[in-house]
Structures are given as C-alpha cells and as structure tokens.
1. Looking at (1) in contact with a Cys (Cβ under 9 Å, 6 or more places away or on another chain); (2) more than 17 Å from residue 182 (Cα to Cα), which one does residue 287 not meet, given that it meets all the others?
2. Among the residues of the range 155-182, count how many are charged (D, E, K, R) and at pLDDT 90 or above.
3. For the range 286-319, which residues satisfy the criterion of being hydroxyl-bearing (Ser, Thr, Tyr) and closer than 18 Å to residue 81 by Cβ?
4. Just one of the numbered conditions (1) within 23 Å of residue 173 (Cβ to Cβ); (2) at pLDDT below 85 is not true of residue 427; which one?
5. Counting only residues that are assigned to a loop (DSSP other than H, G, I, E, B) and of a type in the set (Lys, Arg), how many does the range 400-439 have?
6. Considering the range 143-190 alone, what residues qualify as being of a type in the set (S, T, N, Q) and not in a helix (DSSP H, G or I)?
7. Could you tell me which of the residues 301, 254, 311 is assigned to a helix (DSSP H, G or I) and surrounded by fewer than 20 Cβ atoms within 10 Å (Cβ to Cβ)?
8. Would you point out the residue of the range 257-290, among those that are surrounded by fewer than 14 Cβ atoms within 10 Å (Cβ to Cβ) and not β-branched (Val, Ile, Thr), that is nearest to residue 151 (Cα to Cα)?
Amino acid sequence: MKSPGGKRSQSQGAPPTVSEIIPTIRMLETQEWIRKGSVISISMTLVAVFVMEFAALQDPPWYEIYALMVVCFMAVESVHTIYKLCGIRKPYWWLATMAAVTFITCRFIATDCNIYAAFNKFTNYIPNMLQLGPQATSFFDQWAKHYFSAAVPEEIIKISPVIIALILGRFLHSPWRERLGVREPLDGVLLGSTSAMGFSASETAYRYFLSLNCMTNPGHFQLAHDKVALLIFPRALGEVAGHAAYTGFLGYAIGLAIVRPSRRWFTLLSGFVIATLAHSVYDATVELSGFYSILSLFVAIACYVLLAAAILKAREISPTRAYNFATNFMRGLPGDSALPAPSAFSDSGSNQSSETKPLAEEKASSETTARQESTPQAAPVPVGPVKTVPLAFTLYVAGKVILLTHGFRIMAGEIPGLSASAEDGILAEVVSSPKHPGEFGLRNCSTATWKIRLPGGVEGEVPPGKAIRLARGIIFTFGDARGEIL
C-alpha cells in the first residue's frame, strides 16, 4: 500500500524484527518488564490467588492458610497505598519488619489473652457510674469500655516498633539514620501505618475469622460462623481506614514532635488522645450498630480523612519536600523543564567516554564576571529572570537537605571532611553552562577530588575547579561524607 505521497514508507516496507514478533525477548534484555510492566506486583497477586485457591480446595479446607494469605495480601496493598501517598522511600525489608513485629505480638495476645485481661481489670477502677461490663448499653458506656480495654493497649502495642525505630535511628550514622529512623512526620506516618497493618492482619485472621478458645485450648482453631468467614475480605480491605489510620496519625504526632520540638510532650499527648478517641469511637459504633450501618461507614470515612489530612500536612512541612515523589508526581507534564542528562567530568586529558564530558566553563569568563561584580559601577541592565534549578535537584548530604538554586554556594563546615581551596570558604557552587542555557552544574571549589557514581553505574571523578551537570541519582563521595542528588 502506497502512502498519500505515492511512495511507500520505509517503516511499512521493512519486515518485523524478532523483538517485535516476540516482545518478551527485548524486555528480558532491558529489564523493562521490572520497571514498567508491573510484573512483580501482578505476580504477587497471582501467587496469593493460587495459594487461596489451593487452600480452599483441600478436604477439609486449610482455613488458617487461606485466612493468612487473604489478610497479608490486603495488608500489603494498604501499605503500598500509604507508601505512595507519603512519597518517601523506606527499605521494603524494614517495613516488613515493622509489620512482622506487631503481627507476632498480636498473635501472642490472641493466644494468651493475658494482656487484654490486665487492661480489662484496669477498667474496674473507673467510677461505677460507667457500666463497662456486658450490661453496657449506651454509646458513652460502650465508648469507655472500648477506650480502656481496646484502644489504649492496642495503640501502645502498634506504636512500639515506631518508637524503637526512633531510638535506633539516633545511634546510626547517615544514610542508615534516614533510612531506618524517624526524622519527620512522614516517617512516623509510614512506619506507624505499616506496623498497624501487621497487627490488623493477625487480629483479623486469629481473633475474627478463626474462632479461638483462648481459655481452654489455646492451640485449637475452629471456623467461625459463615457470615464471619464472608467478612474477612471487607474487614481486611477496610483497615486502611481503621488501625492504619489511628496509628498512622499517632506516628505523625511523633514525627511532628521531632521537627517542632517546642512543646513536644503536648504534641505527643494530643496525638495519642486523638488516635485512641478515633479508635474507641469506631469500635463503639460497630458494637451498637454493626459493621453494615451507615453510622459506622461515616465514622470509618472520618478516620481515613484524619489519616489523609495528616499525610498532606506532613508533606507540606516535610524538610525533604523537594524530592518527595508524591508531591512531584506530575513533574513530567507539559510545561515542566526536562531533567538534563547526567555528565561527569575529569581532566580534559583523561581518556573517558562521552558520558563523562565536563561542562564548558571558561575560567577567564568567570574571572571577568567576578571583577565586574566587585567594581562599583552603574547598575547593570536587567536581562530577564534568573533561571533556577528545578526543585527536583536537591543535595542530601550529612543529614542535611540543600536546595540547589542558581548561584547557591555550599560553605566550609557544611560538608564534613572538605576544605575550601580559596579564602572565601566556598566548597561548592551551582553554576550554569554558557553553551547550554538552562543546564546547571555543581562546581568543585574544594581541595579534594570528588568521586561520583552516575545513575547508570558509571563512576568518575570531579577534580577541583571542574563541575558536574546536575541530575537525579548522582551519588557523591566527599571524602568521609556521602551525598546524593535527589
């Protein structure tokens, strides 16, 4: 078939390639199936479906395996949603550890019941005007019973791993301090919600789906009523507005007390009271109206709004907002400046590939500019707005977040182990490329040679006086300190 111009296009006449006929060949070579194909997430879903089907078809069915697979899969989905909302990066194995700790703890509680019994005895000290026993009929009585026997002990259990991470982070060095510890409200929200989902998975499986006689035979499980078996999916799926919301807000309060240390104890107490109130109000509503009532639906929505508002506020006040991938998820839309390709540099005489070419920076031009700035002459004619580096370019080094804008200078003392080569005390400076307007680089003004590693794995050096074009993912080694462009 000919094109409108009368000529057959080259693409129409060429035969299909092997990678076009069998696309998986090229995908395996470039690993695009990992980055873009959602193969891992879909594979995990299919594994969960296979295990659930296999357990349900056994004779008799493997109820415990089926329940564990359902609740764990739903918990992972909920944590993934909150992870995307928070927009910060934490190691997956660390999040799994948070959830595993509370899962095992709740499993012990469901088997033994001693901890809940201790808190139930505590309610005996409440004034007799509150009917906290089975005879409690009013909403206020039900709320008081659930507040002291469920909300308070469960929130203490779920927030304990977050407190451990907070303490652990104070003894670790960068970058593990930032990866594992609690440094801001977003850290507290993510770790708190993850810990809560581990608790919720265990509670749903062992205290609701599987009827457990914890007084006579702790190891014996029986399938609960058929209606309870049908509730496992909605209960596990809805915990993003339940346990995850309560403890996520409490984690937000812990992170807020870190970045706003003034009146930190009032902040922590307020967060604990709000979290336990939301927890107990929902439990009391379900106790009186049931899961299916409109009132419990409204309370659940309000609890999720509490979590969502905490996440949005945490992103707003986050010291690492500049590279939050949830805040900047629309960076690639039309109108946004394109990120420059990474370039590393060394001396012009070294044999390196085109990926490691320096920025064209003329020393004479910079010296002339410096003389002009120091000479008290007539005011310069404005030539237009000064271009700045997009907010995507942020240097994270030695526990500090440095926003890299045009002309910004990193002074002596801000990067441990580096000393300035000049008396002005400048260690690094953000400069623009005279040959490529709109591209910016970081010039080495120190006495040491920086070692770098580009996102593609290429390693190089930035000698004193040279610059490297800014791009996300570049890792620096400034002597004893490690930095990264985010």
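The values are calculated or read from the model by the stated rules, or taken from the named source; none is laboratory data. These figures come from a predicted structure and were not determined experimentally. Positions of Cβ are generated from backbone atoms using ideal geometry, with glycine treated the same way; all protein chains shown enter the neighbour counts.
1. (1) is the only condition that residue 287 fails.
2. Step one: of the range 155-182, the residues charged (D, E, K, R) are 155, 158, 170, 177-179.
Filter again for at pLDDT 90 or above, leaving 155, 158.
The qualifying residues number 2.
3. First pass over the range 286-319, keeping only residues hydroxyl-bearing (Ser, Thr, Tyr): 289, 292-293, 296, 304, 318.
Once the filter is applied, which keeps residues that are hydroxyl-bearing (Ser, Thr, Tyr) and closer than 18 Å to residue 81 by Cβ, the range 286-319 yields only 304.
4. (2)
5. Narrowing the range 400-439 to residues assigned to a loop (DSSP other than H, G, I, E, B): 404-408, 412-419, 421-425, 433-439.
Of the ones still in play, those that are also of a type in the set (Lys, Arg) are 435.
Result for the range 400-439: 1.
6. Here is the first cut: in the range 143-190, the ones of a type in the set (S, T, N, Q) are 149, 160, 174.
Hit for the range 143-190 is 174, nothing else.
7. On the way: 254 fails: surrounded by fewer than 20 Cβ atoms within 10 Å (Cβ to Cβ); 311 fails: surrounded by fewer than 20 Cβ atoms within 10 Å (Cβ to Cβ).
Every option except 301 fails the conditions.
8. Within the range 257-290, the match that is nearest to residue 151 (Cα to Cα) is 269.
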